[in-house]
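The values are calculated or read from the model by the stated rules, or taken from the named source; none is laboratory data. What you are looking at is a predicted structure, and each value in this text was computed from that prediction instead of being measured. All Cβ positions, even for glycine, are placed from backbone atoms using ideal geometry, and neighbour counts span all protein chains on display.
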Amino acid sequence: MTRINMTGEIEQQLQWVVVHWETYQMTFMAAMAIAPVFLCFIYILQRMVLISGGIRKAAGVTLAVFYVIFVTISYGSQLTLLPLYLSRNMPAMASTWFFYESHSIAYFLNQTGYALWGGAMLFLFAHLVKQPGLRRWLGVLITMAAFLSLAAFAGLLLELDGLNLLTLISGALVIPIAVLTIVLAVKAEPLHQEEESFEKKPTPQTIGEETKQ
């Protein structure tokens, strides 16, 4: 999420939201698409690198689902609860759900969601650092992004505001991660080729049919 340019105390920022509601609304309507897109990306990437079933995959998928739930509630509250409390002139309740208030429920849910995302990425893709070529670099970038998200959440719990900004750096790493993923898909990595060749291996039945021919 890109921070909207607001200054002043929380009350002044909430007043800015009231005056510029259309801008604020459009920002969070767009943000609502982030989690589903990430979930689709995780699904495509885990199929591309052929992650087998097991505890690691189950844990990663579970954390990814909870990530979607947490950030969707966080972003969705800006379109539902926040305007409700503002319309009823309840600034205290509004600040409790104001996304840009670092002590609000919405902000906590967002940071928790990205910590869950970090855990999901580690479970699903950290093993790529042991693979050769571009897969290793993809694994390195994913691992860095994951640890930055976890560090940002730790900063929130420890009230170290400086660490909270690590979420933005983690988000920025999504760009090179996406680029590398596209490159790997275009290059048709060996694991896919191995899977295809395995599927085409002759069976006793096909050998017999070829002999008859």
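Here are the criteria: (1) farther than 30 Å from Ile182 by Cβ; (2) part of a helix (DSSP H, G or I); (3) in contact with a Leu (Cβ under 8 Å, 6 or more places away or on another chain). Tell me which single one Pro83 does not satisfy.
(3)
When residues of the range 174-187 are filtered for being within 19 Å of Tyr43 (Cβ to Cβ) and of a type outside the set (Val, Ile, Thr), how many remain?
Summing the residues that are within 19 Å of Tyr43 (Cβ to Cβ) and of a type outside the set (Val, Ile, Thr) in the range 174-187 gives 4.
What are the pairs with Cβ atoms under 6 angstrom where one residue, in the range 131-153, is among the small types (Gly, Ala, Ser) and the other, located anywhere, is surrounded by fewer than 16 Cβ atoms within 10 Å (Cβ to Cβ)? Sequence gap at least six, or different chains.
Between residues of the range 131-153 that are among the small types (Gly, Ala, Ser) and residues that are surrounded by fewer than 16 Cβ atoms within 10 Å (Cβ to Cβ), the close pairs are Gly139/Val129.
So the check is Cβ under 7 Å with 6+ separation or different chains; which pairs have a first residue in the range 63-87 that's farther than 14 Å from Ala115 by Cα and in contact (Cβ under 8 Å) with a residue 12 or more places away in the chain and a second one that's surrounded by fewer than 16 Cβ atoms within 10 Å (Cβ to Cβ) and of a type in the set (Gly, Ala, Ser)?
Listed pairs, sorted by first residue: none to list.
Looking at Thr72, Thr80, Thr112, which is the one that is polar (S, T, N, Q) and more than 22 Å from Phe38 (Cα to Cα)?
Unique residue meeting the criteria: Thr80.
Would you be able to say whether some residue in the range 118-133 is of a type in the set (D, E, K, R), out of contact with any helix residue (DSSP H, G or I) (no Cβ under 6 Å at 6 or more places or on another chain) and more than 29 Å from Leu14 (Cβ to Cβ)? If you could, list the steps in order and put the result at the bottom.
Going residue by residue through the range 118-133, those that are of a type in the set (D, E, K, R) are 130.
Checking the rest, the ones that are also out of contact with any helix residue (DSSP H, G or I) (no Cβ under 6 Å at 6 or more places or on another chain) come to 130.
Imposing the further condition that a residue be more than 29 Å from Leu14 (Cβ to Cβ) reduces the set to 130.
There is at least one residue in the range 118-133 that is of a type in the set (D, E, K, R), out of contact with any helix residue (DSSP H, G or I) (no Cβ under 6 Å at 6 or more places or on another chain) and more than 29 Å from Leu14 (Cβ to Cβ).
Restricting attention to the range 87-103, does a residue exist that is farther than 30 Å from Lys187 by Cα, part of a helix (DSSP H, G or I), touching a helix residue (DSSP H, G or I) at 6+ places or on another chain (Cβ under 6 Å) and of a type in the set (Phe, Trp, Tyr)?
Taking every residue of the range 87-103 in turn, none turns out to be farther than 30 Å from Lys187 by Cα, part of a helix (DSSP H, G or I), touching a helix residue (DSSP H, G or I) at 6+ places or on another chain (Cβ under 6 Å) and of a type in the set (Phe, Trp, Tyr).
Yes/no matrix, rows are residues, columns are (1) among the hydrophobic types (A, V, I, L, M, F, W, C); (2) buried (at least 16 other Cβ atoms within 10 Å of the Cβ):
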{"residue": "Glu9", "(1), (2)": "no, no"}
{"residue": "Glu22", "(1), (2)": "no, no"}
{"residue": "Ala30", "(1), (2)": "yes, no"}
{"residue": "Gly54", "(1), (2)": "no, no"}
{"residue": "Ala58", "(1), (2)": "yes, no"}
{"residue": "Thr62", "(1), (2)": "no, no"}
{"residue": "Ile69", "(1), (2)": "yes, no"}
{"residue": "Ala92", "(1), (2)": "yes, no"}
{"residue": "Ser104", "(1), (2)": "no, yes"}
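Counting only residues that are exposed (fewer than 11 other Cβ atoms within 10 Å of the Cβ), outside any helix (DSSP H, G or I) and modelled with pLDDT under 85, how many does the range 32-52 have?
Of the residues in that region, 1 qualify.
What are the pairs with Cβ atoms under 8 angstrom where one residue, in the range 12-23, is within 13 Å of Gln78 (Cβ to Cβ) and without any contact (Cβ under 8 Å) to a residue 40 or more places away in the chain and the other, located anywhere, is among the β-branched types (Val, Ile, Thr) and not in a helix (DSSP H, G or I)? Sequence gap at least six, or different chains.
Taking only residues 6 or more apart or on different chains, the pairs are Thr23/Ile4.
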